[in-house]
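We did not get these values from a lab; they are worked out from the coordinates using the rules stated. In this text, all values refer to a predicted model and were calculated from it rather than measured experimentally. Positions of Cβ are generated from backbone atoms using ideal geometry, with glycine treated the same way; all protein chains shown enter the neighbour counts.
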Ligand SMILES: [Zn+2]
């Protein structure tokens with residue numbers, strides 16, 4: 001919190017990096033000693049996924065600045081994104097899963113920036129130049145690195161206990177980082193931006209990309225709501241079974257069609273395990289993926305669910321259906 005709260009940031013890169021690390025820690029199991037090796041490529045992918053939505057024009061303001069000056073990672077992402085969307089690849093994950101050359105070139109070009117800036121400076125208390133490598137040993141990271149340097153270093157290793165700590169505090173950290181991120185965007189753009197609209201814009205799910213899933217998922221579910229099995233009218237919503245606000249995963253394995261009543265009531269609640277199991281057990285997920293060019297992300301959804309239940313205190317409420325909860329027993 002001290003690293004993030006103090007000083008003025010030149011960009012939002014550190015915040016994107018923290019969000020990426022939190023997601024990765026929720027979705028992955030640490031080594032027996034409690035450490036976790038995280039490839040720089042993986043961090044870069046996650047950062048791209050966060051900015052993917054944010055490079056759209058915001059209301060009448062147009063694209064929002066995320067750095068104080070110069071060409072930014074979001075600028076490069078915006079260019080690649082236009083090409084990829086034209087080819088029907090609507091999300092960063094879809095472009096990644098398709099191994100599209102433009103996407104791969106984008107990640108190759110950004111990973112050096114990720115190494116040189118956020119990974120080098122993440123653990124520096126701003127304005128002090130004091131670096132305390134308590135999250136990972138950053139001695140191999142410098143402000144000037146060649147591509148060969150980045151290839152040689154290749155990953156960070158989160159210290160024993162750090163992955164577990166980030167996982168356990170993920171809900172709070174995410175809310176904290178989101179609010180700092182929105183504040184930084186307001187400061188960097190020196191504009192009168194509505195903070196509430198901005199939060200939804202920066203961090204909300206991509207409703208446009210998800211629209212493509214309505215018909216295929218309706219068919220898959222025999223036109224019935226995934227949660228209450230009521231026949232759906234035209235109020236079909238695409239719901240993230242593992243809530244988007246806890247772990248953002250736009251994979252077909254994590255997406256179901258639900259009526260508005262269930263969707264609104266579930267909101268960001270953690271569902272009972274049975275719903276996750278049912279979502280993962282659905283047949284023909286690959287067909288939906290092929291029809292919509294959205295990836296399935298089966299393993300990510302399954303491991304994110306495990307991470308989510310693992311970080312939830314016993315006695316928390318799990319959502320079963322409208323106004324109906326059961327206690328989490330661990
Ligand atoms: Zn329903």
Open item on the list: Contact order normalised by length for the stretch 1-122, with contacts defined as Cα pairs under 8 Å and 6 or more residues apart; what percent is it?
Closed with: 32 percent
Task: Gyration tensor over alpha-carbon atoms, the stretch 207-327, equivalent ellipsoid semi-axes in Å - done: 22, 17, 12
TODO: Just rank 27, 79, 306, fewest to most, by other beta-carbon atoms within 10 angstrom.
DONE: 79, 306, 27
Task: Three semi-axes of the equivalent ellipsoid, the chain, Cα gyration tensor, whole Å, largest first - done: 33, 23, 20
Open item on the list: Restricting to Cα pairs below 8 Å that are 6+ residues apart, what does the relative contact order work out to for the chain? Please round to a whole percent.
Closed with: 20 percent
TODO: Kindly provide log₁₀ I(q)/I(0) values, in the same order as q = 0.14 Å⁻¹, from the Debye equation applied to equal alpha-carbon scatterers of the stretch 262-330.
DONE: -0.51
- [ ] Using only Cα atoms, tell me the angle between helix 298-310 and the longest principal axis of the chain; keep it within 0 to 90° and round to the nearest 10.
- [x] 80 degrees
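R0 = 56 Å: FRET efficiency of residue 99 with residue 229, Cβ-based, nearest 0.05?
Values: r = 38 Å, r/R0 = 0.67.
So, using R0 = 56 Å, E works out to roughly 0.90.
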- [ ] Return the percentage of antiparallel bridges among DSSP beta bridges fully within the stretch 207-327, rounded to the nearest 5 %.
- [x] 90 percent
Task: When the convex hull of its Cα atoms is projected in every direction, mean area for the stretch 116-183 (nm²) - done: 5.7 nm²
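Please compute the length gained on full extension between residue 142 and residue 291, using 0.36 nm multiplied by the number of residues separating them and subtracting their Cα-Cα distance. All intermediate terms of the calculation are to be shown ahead of the outcome.
On the way: separation 149, 0.36 × 149 = 53.64 nm, distance 4.41 nm.
Separation in residues times 0.36 nm, less the Cα-Cα distance, equals 49.2 nm.
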Open item on the list: Just to confirm the number: angle between the C-alpha axis of helix 40-54 and the first principal axis of the chain, 0 to 90 degrees, nearest 10?
Closed with: 70 degrees
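Defining a contact as two alpha carbons under 8 Å apart and six or more residues distant in sequence, what relative contact order in percent does the stretch 178-276 show? Kindly include the intermediate steps, with their values, before the conclusion.
Values: 90 pairs, mean separation 23.1, N = 99.
The value is 23 percent.
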Open item on the list: Restricting everything to alpha-carbon atoms, can you work out Rg to Rh for the stretch 1-96 with a Kirkwood hydrodynamic radius?
Closed with: 1.02
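For the chain, what is the calculated [θ] at 222 nm in deg cm²/dmol (nearest 500), taking -39500 (n - 2.57) for each run of four or more DSSP H residues and dividing by its residue count?
On the way: 17 runs with 166 residues, N = 330.
That calculation yields -14500 deg cm²/dmol at 222 nm.
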Open item on the list: Output the 0 to 90 degree angle, nearest 10, between the alpha-carbon long axis of helix 73-86 and the longest principal axis computed from the alpha carbons of the chain.
Closed with: 40 degrees
